[in-house]
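A short write-up of the structure that comes next.
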Amino acid sequence: MAKKVTIANMPETQFIDNARVLGKLIKAKRTAMGMKMADCAALCNIGINTLSRIENGNANCTLAAVFSILQGLGIRLTTMALLSKNNSSLRDDEWV
């Protein structure tokens, strides 16, 4: 029987202000979706080692790889100023 994906916790911070926090967010989203690293890497068209480095907070990964993962997992980044300007609100199930 295949090993199940263990769900990771969301980072306990309000802001994504470094690579470590972003990596935790990505890992939490991937594991919440029940997706293994190999499947996520294939979906995002990146290598497993690259995904692992990003999830572990390595700040030396390319932005292209990071944005491939964000898009593949459906994670959208925005700013509070943009949300306020557009009078937008986020649903609880949206990732920012």
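Could you please give the count of residues in segment 19-47 that are closer than 22 Å to L63 by Cβ, surrounded by fewer than 14 Cβ atoms within 10 Å (Cβ to Cβ) and either within 13 Å of the chain's Cα centre (by Cα) or without any contact (Cβ under 8 Å) to a residue 12 or more places away in the chain (or both)?
1
Mind listing whichever residues of segment 52-70 are of a type outside the set (D, E, K, R), free of Cβ contacts under 8 Å to residues at least 40 places away in the same chain, surrounded by 13 or more Cβ atoms within 10 Å (Cβ to Cβ) and over 18 Å from M10 (Cβ atoms)?
S52, N58, A65, F67, S68
Here, each number is a calculation from the coordinates, and none is a lab measurement. Since we're looking at a predicted model, the values are computed, not measured. Please note: Cβ atoms are built from the backbone with ideal geometry, for glycine as well, and neighbour counts cover all protein chains shown.
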